[in-house]
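The values are calculated or read from the model by the stated rules, or taken from the named source; none is laboratory data. This is a predicted model, so every value here is computed, not measured. Neighbour counts run over all protein chains shown; Cβ positions are idealised from the backbone, glycine included. For accessibility, only protein heavy atoms count, side chains too; no ligands or nucleic acids. Shrake-Rupley method; radii C 1.70, N 1.55, O 1.52, S 1.80 Å.
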Amino acid sequence: MVVRVLFRAVIMGPPGSGKGTVSDRIVKSFGLKHLSSGDVLRANMKSQSEIGLLVKSYIDQGQLVPDDVISRLILGDLKHLENCSWLLDGFPRTVTQAESLHKAYHIDTVINLDVPFETIKERLTSRWVHPASGRVYNTNFNPPKIPGLDNITGEPLVQRNDDKPETVTKRLKAYETQTKPVLEYYRKKGILETFTGTETNRIWPQVHAFLCSRIPDDPKAAAGKV
């Protein structure tokens, strides 16, 4: 008889911290299922499920979706992963949501990506996009051949509203205000692991080494697929 050892983790980090890249690497290296709250929200709204329509009604009115609605949505999706190890991304965002998750599941660790806000601001505000194709350029490490113009069409590049300096500053401040209590909640539980750095490729080896010490050797066992 094989005993399944499940591992459940949450990943946190401000926009532009490299959270998506680190999440992808965790999934590929350790066989965890990745559940993104943003993906779940969009899928439910697109399918017009009962809770998806409820969420859409709040968003359409410019209101925040209540904690209990978000929690019901995410916990409902997690039920499909009962026999799997998973990595939860984008949830919880408030202490109330964290408490709902705690009541339903044992969380083994919370991975917090601590990237200096100045690094993130520089990273995000350097992004420029070709609207028609979606091609993304970065003036620091992937600049267009001619400044301000798309390499293929020669058409002007634009900066998304989310990437404008004033918007980035607001987003980062909002993230800090919202998540600081959640990080403290997990710190008190003794499961918060913070990884600090300015480059994803320098942070990732730290995360990988930590998870290697926590997750069973066989990734299939860790994913509950044995």
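The single condition from (1) open to solvent by 40 Å² or more (accessible area, probe 1.4 Å); (2) touching a helix residue (DSSP H, G or I) at 6+ places or on another chain (Cβ under 8 Å); (3) over 21 Å from Gly31 (Cβ atoms); (4) not aliphatic (A, V, I, L, M) that Glu118 fails is (2).
Here Ile152 meets the list (1) among the β-branched types (Val, Ile, Thr); (2) assigned to a loop (DSSP other than H, G, I, E, B); (3) touching a helix residue (DSSP H, G or I) at 6+ places or on another chain (Cβ under 8 Å) almost entirely, failing just condition (3).
In region 191-225, the residue that is modelled with the lowest pLDDT out of those that are in a helix (DSSP H, G or I), more than 22 Å from Ala98 (Cβ to Cβ) and of a type in the set (A, V, I, L, M, F, W, C) is Ala221.
For region 123-131, the count of residues that are under 30 Å from Val158 (Cβ atoms), open to solvent by 30 Å² or more (accessible area, probe 1.4 Å), in contact with a strand residue (DSSP E or B) (Cβ under 8 Å, 6 or more places away or on another chain) and of a type in the set (A, V, I, L, M, F, W, C) is nonzero. In region 20-34, of all residues being open to solvent by 20 Å² or more (accessible area, probe 1.4 Å) and not small (Gly, Ala, Ser), the one that is farthest from His80 (Cα to Cα) corresponds to Thr21. The residues of region 171-190 that are out of contact with any strand residue (DSSP E or B) (no Cβ under 6 Å at 6 or more places or on another chain), of a type in the set (Phe, Trp, Tyr) and at pLDDT 95 or above amount to a single one, Tyr185.
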